[in-house]
Amino acid sequence: MTSAINPITDLTPFPDHTQLPESDGTFVKNFQEHPQSILLTDSIQPILQQRHPDGQYCIGQDSGIYWRITDPPERGAEAPDWFYVPNVPPTLDGQIRRSYVLWREHIAPLIALEFVSGNGEEERDKTPWMGKFWIYEQVIRPAFYGIYEVKKASIEVYHLIEGQYQLLAANERGHFSIASLGVELGIWQGLYQNLELPWLRWWNLQGNLLLTGEERAEQEHQRAEQEHQRAERLAAQLRALGIEPEV
């Protein structure tokens, strides 16, 4: 006699990332959200490598954070569009995480970001045990929670203070300080991956834009080109004076 398999009770009492679904089987990203996640990750890597020389951190991009056991299991997860967790190993037992499981990891993300694709009600929903805002504030508890709306070219940033999210005010640059990470978060209007949009980006605390790897390479190329042109002008001036420049 065979018995039906129960997706919850047949798991261990506290399942890990290998026993929990890594997807709910849907796709919800538009053509802007994936590049937006890459932009955030790429540009902040030098900061994180400086903060974590041991490499102990992880970044999730539309990845599940499991916060309770449910049936089916994926109902017990939220999937921020982007989040960062300090002081955790990048892999578990040599395996890439399928999800981030709070009851196994015990460390909350420092920041979680949601990219609004509708009218923003879902990201601001405070309904107990169901609403995203409530779940982030009361259970997952990232120190910072951001709601980014590309259509409005806006970002709201909340800081967890004494168990409740407080809406932060923008600074004189229109950015939001994440001082514990050494960065500011704000809107940058520009061209990225062939899309001219108000992108969500990082700055350092001095107000300098954190560049992507491609932007840093281009900046270095321009610097080298300017140095080459300067050397060429100097050589021409020396020759005009009858002096052969040293090679």
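Values quoted throughout were computed directly from the atomic coordinates according to the rules given, and no laboratory measurement underlies them. From a predicted model like this one, the values you see are computed outputs, not experimental measurements. Note that each Cβ is placed from the backbone with ideal geometry, even for glycine, and that neighbours are counted across all protein chains shown.
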Exercise for the section: Once you have a ≥ b ≥ c as the square roots of the Cα gyration tensor eigenvalues for region 136-223, tell me rounded if a/c is under 1.5, and otherwise prolate or oblate according to whether a/b is larger than b/c. Expected result: prolate
Problem - Proxy reagent accessibility, fewest Cβ within 10 Å first, across H175, H34, H106, H159 - result: H106, H34, H159, H175
Handout entry: Whole-angstrom Cα spans of region 26-102 along principal axes, big to small
Key = 41, 33, 18
Fill in the blank from the handout: If the label point sits 7 Å along Cα→Cβ of H34, residues of region 123-148 with amide N under 11 Å come out as none
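Using the Kirkwood radius over Cα pairs, work out the Stokes-Einstein diffusion coefficient for region 57-100 at 10 °C and 1.306 mPa s, in µm²/s as a whole number.
143 µm²/s
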Practice task
Grab the alpha carbons of region 59-193, take their convex hull, and tell me the volume per residue in Å³.
Solution key: 143 Å³
Handout entry: ³J(HN,Hα), Karplus 6.51/-1.76/1.60, whole Hz, each residue of region 129-143, x for Gly, Pro
Key = 6, 10, x, 4, 4, 4, 5, 5, 6, 9, 10, 6, 6, x, 4
Completion exercise
Convex hull around the C-alpha positions of the chain: the volume in Å³ per residue is 192 Å³
Completion exercise
Taking S117, S37 and counting other beta carbon atoms within 10 angstrom, the fewest-first order is S117, S37
Practice task
Tell me the label-point distance for the pair D71, Q95, using the 7 Å Cα-to-Cβ offset, in nm and rounded to one decimal.
Solution key: 2.4 nm
Exercise for the section: Report the extension gain between E121 and Q50 in nm, rounded to one decimal, defined as 0.36 nm multiplied by the number of residues separating them, less their alpha carbon distance. Expected result: 21.9 nm
